[in-house]
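The values are calculated or read from the model by the stated rules, or taken from the named source; none is laboratory data. Note that the structure is predicted; figures quoted are calculated from it, not measured. Here the Cβ positions follow ideal geometry from the backbone for every residue, glycine too, while neighbour counts run over all protein chains shown. We work out accessible area using only protein heavy atoms, side chains counted, and drop any ligands, DNA or RNA first. Shrake-Rupley method; radii C 1.70, N 1.55, O 1.52, S 1.80 Å.
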Amino acid sequence: MKRNFCVGAAFLAVVAALGIGSAWLEKTAAMEAAAVQAPRFEVDPLWPRPLPNKWILGQTIGVSVDARDHVWIIHRAGSLEPGEVHATTNPPTAQCCAPAPPILEFDAAGNLVGHWGGPGNGYDWPDSNHGITGIGGNGRGSPAAAGGRGQPAAGRGQPAAGQNRQQDESQTGGTQSFSDNMVLKFTQDGKFLMQIGKPKSSKGSNDIANLRLPAKTFVDKATNELYVADGYGNHRVIVFDADTGKYKRHWGAYGHKPDDVDLGRYDPKAPPAQQFRNPVHCADLSVDRLLYVCDRVNDRIQVFKPDGSFVKEAFFNKETLGSGSAWDVAFSRDPQQKYLYLADGENDKVHVILRDSLELLTSFGEGGRQPGAFYGVHSIATDSKGNIYTTETYRGQRVQKFVNKGLAPVTKKDQGVVWPAPKP
């Protein structure tokens, strides 16, 4: 009996120790999780203020913030449905509405303070404009664009072409010279300065005179160089002199010479593709002079030195098919740009990433049309206070502001809609 008693007591002691140990491990894990911090955001549902003149936005496919914290966006007026532009018919069939000019400027409070853009003399405005720092386009010269320049090409969110969100605008196929083979440079008040490339002139991913459906651009002020994510037709990053348009260099995935071999559909189980798929959707340079490139359909970001030397890559939501997960990036505004923000238009989220390791810390947003939700979040930018601005393509058709609330412990990998906290 004494022996049984001792065995039982020992057993209870082990159980107690295991219980204490389990609780301690759980507490330690929680403390470690709380030690991981990331910027926290809340949507501002009242930004921007309503547009004048019965104006509304179409597919909104570019956003940038200038030194005054003015927010610039570009949208596709021609992507609006007939029922959205009754006020433009002759005679008007209803009071609402009319497309806003392609380029809009808002002050920090959300007031519209400037607008311009569209076809003009001396330059070729894209069929389907894309990007705001320099204006490119992914217009393919399709029947949807036959009405004249400034009209969008067939693509996702384009009802006239019978397309919807389940179809993939990324695949172009072949080396056809589509319409939008150029990028345009303007002053902030809309004065035309320079055009690189000519419509329907591209000879493919190693043509140094023309683009082919370029997406986003970035200007390196230190070297006065223009980086182009090129793009929806080509499979490369290409660099020009930002003032003269003189060609500097170009490269494909991993720094390879690009080619136009059709890679077929993305397969997340296959080895990483050795070339970019279409579209190469962003190219942004950090303060420590690393270029972050969005290989959208391959669900990855590749990082390069400015000369095209490959540094590293990371995949995000690697199982994402369709139009992919890596759409656009922006940097946090601390001096080291510690965090990287990734717009994921297929999963309708913004990912918060530790920039040096490319570790995904947390995400916010979900599919929907209410403030804080997304439908095709396409582009992203930050202001001097660290606030985030996003624009949405397809039928999202808007710009949103997310207010930086400072660093906070990461308690959820997926935050959902970051609605403002109730006021006491």
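Descriptive notes on the structure:
- All positions within segment 242-263 that are within 24 Å of the chain's Cα centre (by Cα) and open to solvent by less than 30 Å² (accessible area, probe 1.4 Å): Ala242, Trp251, Gly252, Ala253, Pro258
- Strands (runs of 3 or more DSSP E) (entirely within segment 28-97) containing at least 3 residues that are among the β-branched types (Val, Ile, Thr) and modelled with pLDDT of 95 or more: 59-65, 71-76
- Every listed requirement among (1) modelled with pLDDT of 95 or more; (2) surrounded by fewer than 17 Cβ atoms within 10 Å (Cβ to Cβ); (3) farther than 16 Å from Gln275 by Cα is met by Gln176 save one, (1).
- Set Glu319, Glu346: member being closer than 23 Å to Gln275 by Cα and either aliphatic (A, V, I, L, M) or in contact (Cβ under 8 Å) with a residue 40 or more places away in the chain (or both): Glu319
- Among the residues of segment 266-304, the one identified as in contact with a Gly (Cβ under 9 Å, 6 or more places away or on another chain) and open to solvent by 40 Å² or more (accessible area, probe 1.4 Å) is Gln274.
- Note on segment 343-376: among residues that are more than 13 Å from Asn317 (Cβ to Cβ) and aliphatic (A, V, I, L, M), the one that is nearest to the chain's Cα centre (by Cα) is Val352.
- Where a residue in segment 89-115 is closer than 21 Å to Val403 by Cα and its partner, wherever it lies, is open to solvent by 50 Å² or more (accessible area, probe 1.4 Å), with Cβ under 7 Å and at least six apart: Leu104/His115; Glu105/Val113; Glu105/His115; Phe106/Val113; Asp107/Val113; Gly110/Arg49; Asn111/Arg49; Leu112/Pro52
- Condition met for Gly322 (assigned to a loop (DSSP other than H, G, I, E, B), open to solvent by 10 Å² or more (accessible area, probe 1.4 Å), more than 22 Å from Ile73 (Cβ to Cβ) and small (Gly, Ala, Ser)): yes
- Test: residue in segment 111-128 that is in a strand (DSSP E or B), surrounded by 17 or more Cβ atoms within 10 Å (Cβ to Cβ) and in contact with a Ser or Thr (Cβ under 8 Å, 6 or more places away or on another chain): no
- Test: residue in segment 205-213 that is among the hydrophobic types (A, V, I, L, M, F, W, C), crowded, with 21+ Cβ neighbours inside 10 Å and not in a loop (DSSP other than H, G, I, E, B): no
- Strands (runs of 3 or more DSSP E) fully within segment 328-424 that include at least 3 residues being of a type in the set (A, V, I, L, M, F, W, C) and open to solvent by 40 Å² or more (accessible area, probe 1.4 Å): none found.
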